[in-house]
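For reference, the structure is listed below as structure tokens.
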Amino acid sequence: MSFDVVAARAQFPILSRTVHGKPLIYLDSAASAQKPDAVIDAMTAVMRGSYANVHRGLHTLANETTQTYEGARAAVARFINAPAAETIVFTKGATAAINIVAAGIDIHPGDEIVLSVMEHHSNIVPWHFLRERKGAVLKWLDVGDDGEIDLDALDALIGPRTRMVALTHMSNVLGVKTPAAEIVHIAHAKGVSVLLDGCQAVVHGAVDVQALDVDYYAVSSHKLYGPTGIGVLYGKPERLAALAPLEGGGEMIEAVAQDRITYNTPPHRFEAGTPPIIEAAGLGAAIGWLGEQDRNAIAAHEQGVRDRLMDGLRGLNWIRLYGQAPDKGAIVAFNIDGAHPHDVAQIVDRHGVAIRAGHHCAQPLMARLGVSATARASLALYNTAEEVDVFLDALVKARKMLV
């Protein structure tokens, strides 16, 4: 198989619109990716033709919708090579997935959580809750200028009180992919569990949670060309069975009496109340659509566009790049010397180019880089070399206006 970017773009309706009279060039997919027709149609089909609540009903619509919902769970399991559908918990997002783990593990005062300074806030704040509420100690792993992780330094941070190593699989700012398998091996050698934030990594390449041997893996639907409002927590069966549930309500119980309660088995133990039914249909469709593509060819396409962008930025001596690891993903953070990234983003928007500017929910990393904010162009399978050229030209014009 090969990847036809023109054919792929035709399946994303929003890419045909204009912004300020210019064709839309969407370079903000690390924040949230656009949606193909397959996702839009699948969600519409559920609402139009078979919607009902799942699991509890015995009528035809309930059975049809439950089949769609559980089919999406099975699709996610296959997508990341989980051993069984029961290891996949549907959440309202990757943030919720990490919160479930943080709130559910057994923590005592003085127990340690190891994080890196490169983490997204969603993989920082839930652990700060444990610091504030249970006396946990956060241990911070520094990274190199390009986001490289020193495995010896990680090994040294993990001690007898360490209860969790929680790290990103791919930085949402620098695009660097961490050595996940080695991280897991080091932690497991000391009896410590590992959670990986896979929000970016799962988009830009195949993920095999069994090969990684990771204990927990968090995935966001809306970055994976699916809808908002749903995410995924993968957990090894024994890990999920040991977690205390975060939310209580319907579905997450087996029996309720006035003097006792019996929890349901995973994954339903963590899916209290009516779940994101329509969103699950969309996520299942997104994964199905991706499964029809040649992911190796997509990766090669993204790398080619990324290289064109990186080469173009390197040719501008007033651009400061952050994160230049050779095997980085299609995420590029930069600043224009003498200009605030917010101003840069607003000016290139007038040329139809959508980029992100700010701290990208990664303030410890901004502090490590010595900046308060950066601009960020994040690429997806639908971006082209021609779009990169328009963007580079827009940056030249932005500098003339700002500096």
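Taken together, the values in this text are just the output of simple stated rules run on the coordinates, not laboratory data. Bear in mind that the values here come from a model prediction, so they are computed numbers and not experimental data. Cβ coordinates were reconstructed from backbone atoms using ideal geometry, including for glycine residues, and neighbour counts include every protein chain displayed.
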Using Cβ contacts closer than 10 Å as the measure, can you line up 193, 221 from fewest to most? 193, 221
Give me the number: length gained by fully extending residue 188 to residue 148, i.e. 0.36 nm times residue separation minus the C-alpha to C-alpha distance, one decimal in nm. 12.3 nm
Counting only DSSP beta bridges fully inside region 153-283, the antiparallel percentage to nearest 5 is 55 percent
Distance from region 3-25 to region 266-314 (C-alpha centre basis), Å: 18 Å
When the Karplus curve 6.51 cos²θ - 1.76 cosθ + 1.60 is applied with θ = phi - 60°, which whole-Hz ³J(HN,Hα) does each residue of region 89-96 get, with x for Gly and Pro? 9, 7, 10, 8, x, 5, 4, 4
Assuming 0.36 nm per residue, please report the length gained on full extension of the stretch residue 138 to residue 2 beyond their Cα-Cα distance. 44.4 nm
Dimensions of the chain along principal axes (Cα, Å, largest first)? 71, 55, 37
Computed on Cα atoms, Rg of region 294-402 relative to 2.2 N^0.38 Å comes out at 1.04
By counting other Cβ atoms within 10 Å of each Cβ, how are 17, 239 ranked from fewest to most? 17, 239
If amide hydrogens are placed 1.01 Å from N in the peptide plane, which non-local residues have theirs closer than 5 Å to the one on residue 88? none
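Per residue of the chain, what 222 nm ellipticity follows from adding -39500 (n - 2.57) for every DSSP H run with n ≥ 4, rounded to the nearest 500? It would help to have the intermediate numbers written out before the result.
On the way: 15 runs with 155 residues, N = 403.
Dividing the helical sum by the residues of the chain leaves -11500 deg cm²/dmol.
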Across region 144-150, in residue order, what do the Karplus-derived ³J(HN,Hα) couplings come to in whole Hz, using 6.51 cos²θ - 1.76 cosθ + 1.60 with θ = phi - 60° and x for Gly and Pro? x, 4, 9, x, 5, 9, 8
Using a simple charge model, +1 on the beta-carbon of Lys and Arg, -1 on the beta-carbon of Asp and Glu, nothing else, what dipole does the chain show about its Cα centre, in debye to the nearest 20? 820 debye
Compute the orientation-averaged projected area for region 262-335 from the convex hull of its Cα atoms and round it to one decimal in nm². 8.7 nm²
If Lys and Arg each add +1 and Asp and Glu each add -1, what is the summed charge of the other residues whose beta carbon sits under 14 Å from the beta carbon of residue 245? -3
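So between residue 385 and residue 318, what do we pick up on full extension, going 0.36 nm a residue minus the alpha carbon distance?
22.0 nm
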Count the DSSP beta bridges whose two residues both fall in region 40-291, then state the antiparallel fraction as a percent rounded to the nearest 5. 45 percent
Beyond 23 Å (Cα-Cα) in this structure, taken from 134/177; 139/190; 328/400; 190/236, we find 134/177; 328/400
Work from the charge dipole of the chain (Cβ charges, +1 for Lys and Arg, -1 for Asp and Glu, about the Cα centre) and give the residue of 345, 249, 31 farthest towards its positive end. 345
Exposure proxy order (Cβ contacts within 10 Å, fewest to most) of 318, 289: 318, 289
